[in-house]
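Below: one structure, written as structure tokens.
The values are calculated or read from the model by the stated rules, or taken from the named source; none is laboratory data. Being a predicted model, the structure only gives us computed values, none of them experimental. Cβ placement follows ideal geometry from the backbone for every residue including glycine, while neighbour counts extend to all protein chains displayed.
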Amino acid sequence: MDIPGCEENVPFLTKDQMVEVDRAMIEDYGIELLQMMENAGRNLAHLARHRFLSGDPRGKLVVILAGTGGNGGGALVCARRLYNYGANVSVHITKTIDKFSPAAAHQLDILQRMHVPISISLDSKPPMSIALIIDGLVGYSLSGAPRGEAAALIQWANQHEAPILSLDAPSGVDAASGRVFDPAIEASATLTLALPKEGLRAKGVSQNVGELYLADISVPPSLYGGAGLDLSVGPLFYRSDIVRLW
């Protein structure tokens, strides 16, 4: 998979614009959260396979860190797909399934039915060397420094030599402002969704973001021109579902 650079002028979104994109997708276009989540997780698995797993995940250990919201749900879709590709997948979640949002709980239930190893405890150590860590702990809804199990998983991930691939924004980084909280993931790469967020290009955040990729979650380009956004966005993904921004 050759991931092309983006040849278009790509706007970066504010937090209000991110919220408006999500609202318009669901309310104006009827594109459901589960559809967006599936697209996000599929693209995350594709990038993981080709950028970090040498195009062949079979037998390689991938640790998935998943929170309870949409970001975690996308990471859980990625876990399912990598498991289907033959990877050894180990999932670590921050809370029990009853604390998950409905869409993310749906993804976790699928993994449980597939008998994918899932743990809420850091005490269960992976049985072999880790090829890749997927960060889906906290998305753009971050409010203050990560706490509890999420904070512990961030610290755990940063202590490992394995590369970290974050979904949408590195956990612990405010996607709107670029503020880096303590703790925050230090990602090797970040796959952001639909359009990049303003905080990902803020001064001093590059070591947390790493390489920045953009993934298609099937946002109609016409949506961006609507009221509340008024952006001119062309067909960014005409060459590939994933493009590299830097």
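Does E198 satisfy the criteria of being touching a Leu at 6+ places or on another chain (Cβ under 7 Å) and surrounded by fewer than 24 Cβ atoms within 10 Å (Cβ to Cβ)? Taking the combined requirement at face value, the residue satisfies it. Filtering region 169-178 to residues that are modelled with pLDDT under 95 and either surrounded by fewer than 17 Cβ atoms within 10 Å (Cβ to Cβ) or not in a loop (DSSP other than H, G, I, E, B) (or both) leaves only S177. Picking from residues in region 1-16 that are in contact with a Lys or Arg (Cβ under 9 Å, 6 or more places away or on another chain) and not charged (D, E, K, R), the one that is farthest from N43 (Cα to Cα) is T14. For region 146-163, what are the residues that are closer than 24 Å to L53 by Cβ and assigned to a loop (DSSP other than H, G, I, E, B)? Result: Q159, H160, E161, A162, P163.
Residues that are crowded, with 23+ Cβ neighbours inside 10 Å and over 17 Å from L153 (Cα atoms) do occur in region 54-69.
Residue selection: K125 fails the criterion of being among the charged types (D, E, K, R) and either modelled with pLDDT of 95 or more or within 21 Å of Q35 (Cβ to Cβ) (or both). The sole residue among D98, D135 that is more than 30 Å from F12 (Cα to Cα) and among the charged types (D, E, K, R) is D98.
Of the numbered criteria (1) buried (at least 21 other Cβ atoms within 10 Å of the Cβ); (2) modelled with pLDDT under 95, the one A48 fails is (2). Considering region 189-246 alone, what residues qualify as being basic (K, R) and part of a loop (DSSP other than H, G, I, E, B)? Result: K203, R239.
Taking the stated definitions as given, is S166 without any contact (Cβ under 8 Å) to a residue 24 or more places away in the chain, out of contact with any Pro (no Cβ under 6 Å at 6 or more places or on another chain) and outside any loop (DSSP other than H, G, I, E, B)? Considered against the rule, which asks whether it is without any contact (Cβ under 8 Å) to a residue 24 or more places away in the chain, out of contact with any Pro (no Cβ under 6 Å at 6 or more places or on another chain) and outside any loop (DSSP other than H, G, I, E, B), S166 comes out as no.
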